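Asker: Please read through the structure below; I'll follow up with questions.
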Amino acid sequence: MRIERRVERQAPFSIIVEGETLPAYPGETIAAVLIERSPTIGRTASGAARGMFCNMGTCSLCMVTLLPEGRRVRACLTPAEPGLEIGLG
Ligand code: FES
């Protein structure tokens, strides 16, 4: 959950995750937006829930796809930007 008390933020904007519109704030990474939505961002090869691990660019467990170009990026290192659309696959 985002810390809401005694925090001043700029106006939120939207990003789209798997077709779902989510609020994001300037300065947040894609990972911060995803964690607010759910601690699970995908599935392992065996089908187990998969979340983020290091949150500092080392483990690559947070890879997401920027749409429509299909570029893969680490969610924990990539700033959320207005209108960004991502896929979790
Ligand atoms: S959570 Fe480990 S690289 Fe992003």
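The values are calculated or read from the model by the stated rules, or taken from the named source; none is laboratory data. The structure presented is a predicted model; accordingly, all values stated were derived computationally and were not measured. When we count neighbours, we look across all protein chains shown, and the Cβ atoms used for this are built from the backbone with ideal geometry, even at glycine.
Asker: Tell me, which residue of the range 78-89 that is surrounded by 14 or more Cβ atoms within 10 Å (Cβ to Cβ) and out of contact with any helix residue (DSSP H, G or I) (no Cβ under 6 Å at 6 or more places or on another chain) is nearest to P39 (Cα to Cα)?
Answerer: Filtering the range 78-89 for residues that are surrounded by 14 or more Cβ atoms within 10 Å (Cβ to Cβ) and out of contact with any helix residue (DSSP H, G or I) (no Cβ under 6 Å at 6 or more places or on another chain), the one nearest to P39 (Cα to Cα) comes out as L88.
Asker: Restricting the search to the range 33-62, which residues are surrounded by fewer than 18 Cβ atoms within 10 Å (Cβ to Cβ) and under 9 Å from the mean Cα position of the chain (by Cα)?
Answerer: Within the range 33-62, E36, R37 qualify.
Asker: Filter the range 32-69 for residues that are closer than 20 Å to I16 by Cβ and among the basic types (K, R) and give the result.
Answerer: Answer for the range 32-69, where residues must be closer than 20 Å to I16 by Cβ and among the basic types (K, R): just R37.
Asker: Determine which member of the set A11, A75, A24 is in contact with a Pro (Cβ under 7 Å, 6 or more places away or on another chain) and modelled with pLDDT of 95 or more.
Answerer: After ruling out the rest, the residue left standing is A24.
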